[in-house]
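Written below as structure tokens is the structure these notes are about.
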Amino acid sequence: MSDVVIEIEGAKRHYTTPAGVVKALDGVDLTVERGEFLAIAGPSGSGKSTLLNLIGALDTPTEGSVKIDGTSLSEMREKALAELRRDRIGFVFQAYNLIPVLSVLENVEYVMLLQGKGASERHKAAKEILAEVGLSDMLDRRPVELSGGQQQRVAVARAIAAKPSLVLADEPTANLDSATGIALLEMMQSLNKTYNMTFVFSTHDQEVMARATRLIRLRDGKIESEERRG
Amino acid sequence: MIIKLAWRNIWRNKRRTILTALTLTIGVVALSMMLTLAAGMVERMIRVATHSRIGDAQIHAAHYLETQDETLTIPSTTALLEQARKLPDVKDATARSIGIGVLSIADRTSGIQLLGIDPEHEKNITNWSERIVDGEYISEPGQVMMGSHLAEKLEVEVGSKMILTAANVTTGETTAELVRVKGLLYTGDVATDRQAAIVHLDMAQKMMGTRGQAHEIVLKLNIPIEQREPIEAIIAPLKRDGISVEPWQTMNPIVAQMKGLMESYMDVMVVVLFMILAFGLINTISMSLLERMREFGVMRSLGTSGSMLAKLIVTEAAFLGFIGAVPGIVCGLLISQLLVTYGLDFAGTTAYGMEFREPIYGQLDIPGTVRVAVMFVILTTLVSLFTAIRAARLEPVEAMRGG
């Protein structure tokens with residue numbers, strides 16, 4: 001497998017609305033290598049979430065191509081896309097988006113369950129990852145019983161539990177206080193280094209940008225600037 | 001996992017789930033009560049039809065039933081009667097002579113159906129001996145028994161003397177006999193109660209010139225008579241050329257078809273009632289699912305396939321149907337038991353030539369109630385299919401925006 005995880009060429013995503021055509025993304029080229037801790041910044045409406053949705057196979061570009069681990073998403077059918085999301089991509093959402101009727105442990109196990117892993121393997125992996133994010137004593141709690149920071153840690157645990165090659169995080173610290181946000185980032189940095197997972201963030205948060213190994217700024221659906229650190 | 005998720009999901013909004021399930025419960029209860037009453041009514045109709053006149057099976061001369069020709073008497077009546085009485089599962093058999101005549105008293109006259117019976121054997125066939133509302137059951141020639149309706153019409157009472165006139169079926173010569181009203185009865189069979197003058201068989205045959213020959217042999221069996229086939233099996237040895245041997249279903253096909261008709265009617269009722277409930281159900285299920293569109297989007301983004309999502313939604317609906325249907329069966333049967341115990345008063349109602357004077361007592365229809373409940377679960381599941389397919393087809397990003 002190549003060290004390139006994401007390859008985007010000339011990606012456009014246009015929406016037709018009653019007010020006219022909205023160019024959410026307007027020709028983006030981007031290559032992301034394995035193990036990067038990449039932040040995508042930009043003002044609201046600049047196309048950050050749209051870009052993340054294209055990378056995560058949640059949406060389809062109007063033009064251009066998106067490849068994950070060398071496979072073009074446009075050539076994949078819905079079932080294969082679902083399997084790609086299940087096996088290779090982990091998602092962390094701004095609003096946590098845990099499944100409310102499942103416990104912390106069950107939420108983390110969910111993706112592994114979809115993968116068909118056995119109960120004991122799931123329990124073991126989920127407990128290990130929950131221990132890493134510091135939630136070993138909350139396995140049986142429901143999301144509603146957790147604070148925002150705890151919920152986001154569960155969401156991170158869920159995203160990485162199945163050991164995906166890529167984790168996409170859409171403004172993961174936006175709803176957290178700064179101390180909790182920093183703790184979460186440190187945890188993700190640690191996971192990034194431990195497992196050599198690729199992290200791609202969309203963010204407004206300076207703290208996230210400061211910790212990124214590469215920072216890309218979007219404006220009006222185009223890459224405005226790119227900055228490599230370390 | 002689908003089952004665990006579905007079960008937990010339906011209890012996310014307990015109040016809404018309970019209210020929705022309650023509508024299904026009430027539907028099943030209502031239909032269970034209707035089934036109980038319908039089964040009781042059918043049973044009563046069969047009982048009234050067979051006990052009040054036609055018995056469980058009848059023998060006639062060939063073509064008598066179609067023509068009502070009084071000259072068509074049963075050949076070798078006595079031998080056939082004896083043979084019938086010896087058959088296994090035949091409780092008893094009795095002969096009847098049937099003709100037309102006139103009953104008169106003073107200036108009041110009425111055309112009647114002359115019905116000659118063997119009083120002793122007739123007691124084992126019909127309920128007439130138990131249905132005397134005034135006077136006594138006839139025991140010998142010279143006595144007449146009639147329905148209370150006919151008695152009212154002729155303004156006679158027990159002990160009244162009347163003139164009975166009937167014609168010889170061969171010569172047409174009329175004979176008049178003095179008869180005394182021995183008893184007034186109410187059989188439930190409208191034709192009998194309003195038209196029949198019941199006299200001793202010997203007297204009727206003498207007046208009609210058919211001595212030793214009956215128009216009708218009526219059988220009472222020792223088996224359940226709802227189904228035609230077992231009756232056919234018992235009476236088969238009596239069949240021969242020149243006579244017809246038929247189960248009660250031939251004599252009263254409307255009542256015979258009533259059970260099947262009731263079942264079809266109840267199936268229609270289930271669908272109609274469910275369609276009424278379905279509007280509420282569709283609304284509740286759709287609302288509940290629309291509220292969770294974003295969650296479905298998240299599940300899709302985690303790798304949940306569209307088909308798994310559809311299965312989840314359908315399973316939730318099936319659970320909802322189940323939660324409504326099971327208490328529906330229990331409550332429905334418990335409440336229906338009240339109809340079995342206390343009945344429902346339909347006094348004065350006439351249906352298909354039978355008058356109901358007593359309450360109709362229900363008969364629990366457990367398989368029917370379960371069938372209705374299962375239909376409700378299936379229909380509830382079907383109602384959810386539309387939303388399930390819609391959710392399954394949504395692009396994850398579209399679902400996360402709220403559908």
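What to note about this one:
- Surface accessible to a 1.4 Å probe, per residue, for the residues of chain A, Å²: 42
- Amide H to amide H, with H built 1.01 Å from N, A:Ala169 comes under 5 Å of A:Val92, A:Val200, A:Phe201, A:Ser202, counting only residues 5 or more places away or on other chains.
- Computed from backbone phi, the HN-Hα couplings of the range A:216-226 come to 10, 10, 9, 8, 6, x, 10, 6, 8, 7, 9 Hz, rounded to whole numbers (Karplus: 6.51 cos²θ - 1.76 cosθ + 1.60, θ = phi - 60°; Gly and Pro given as x).
- Interface B-A: total buried accessible area of about 2100 Å², 1.4 Å probe, protein heavy atoms only.
- Surface accessible to a 1.4 Å probe, per residue, for the residues of the range B:57-224, Å²: 42
- Applying both filters, DSSP loop and at most 15 other Cβ atoms within 10 Å, to the GluC sites (Glu not before Pro) of the range B:68-160 gives B:Glu136, B:Glu155, B:Glu157.
- Carbon plus sulfur fraction of accessible area for chain B, probe 1.4 Å, in percent: 59
- Around the amide H of A:Asp26, modelled in the peptide plane, lie the amide H atoms of A:Arg13, A:Lys222, all under 5 Å away and 5 or more residues distant in sequence or on another chain.
- Converting phi to 3J(HN,Hα) with the Karplus coefficients 6.51, -1.76 and 1.60 and the offset θ = phi - 60°, the range B:209-214 yields x, 10, 3, x, 10, 9 Hz in sequence order, with x at every glycine or proline.
- Taking label positions 7 Å along the Cα-Cβ direction at both B:Ile254 and A:Leu139, the computed distance is 7.3 nm, reported to one decimal.
- With contributions of -39500 (n - 2.57) from each DSSP H run of at least four residues, the per-residue ellipticity at 222 nm computed over the protein assembly as shown stands at -15000 deg cm²/dmol.
- If R0 equals 45 Å, the separation of the Cβ atoms of B:Gln227 and B:Lys161 corresponds to a calculated FRET efficiency of about 0.45.
- Rounded to the nearest 10 degrees, the angle from helix A:178-195 to the longest Cα principal axis of chain A is 90 degrees.
- Partner aspartates and glutamates for B:Lys259 [C-alpha distance under 13 Å; skip if fewer than 8 residues away on the same chain]: B:Glu43, B:Glu226, B:Asp267, B:Asp365
- Proximal lysine pairs, the range A:4-228, alpha carbons under 24 Å, eight or more residues apart or interchain: 23
- Coil-residue GluC sites (Glu not before Pro) of the range B:256-338, DSSP, other Cβ within 10 Å capped at 13: B:Glu291
- Summed side-chain charge close to B:Ile18 - residues other than B:Ile18 whose Cβ falls under 15 Å, Lys, Arg +1, Asp, Glu -1: +3
- The range A:84-90 - phi-based ³J(HN,Hα) in whole Hz, Karplus 6.51/-1.76/1.60, Gly and Pro as x: 4, 4, 5, 9, 10, 10, x
- Once the Cβ-Cβ distance of B:Val330 and B:Arg401 is raised to the sixth power relative to R0 = 56 Å, the FRET efficiency obtained is 0.80.
- Surface accessible to a 1.4 Å probe, B:Ile254 within the full protein complex, Å²: 80
- Cut-off of 10 Å, at most 15 other beta carbons, DSSP loop: longest stretch of chain B lacking such trypsin sites (Lys or Arg not before Pro): B:13-210
- Under 5 Å, built H, 5+ apart or other chain: amide partners of B:Ser244: B:His60, B:Ala61, B:Ala62
The values are calculated or read from the model by the stated rules, or taken from the named source; none is laboratory data. Quick caveat, the model's predicted, so the values are computed rather than measured. Here Cβ is always computed from backbone atoms with ideal geometry, including for glycine, and neighbour counts include all displayed protein chains. For the accessible areas, the whole protein counts, side chains as well, though only heavy atoms, and no ligand, DNA or RNA atoms are used. Shrake-Rupley method; radii C 1.70, N 1.55, O 1.52, S 1.80 Å.
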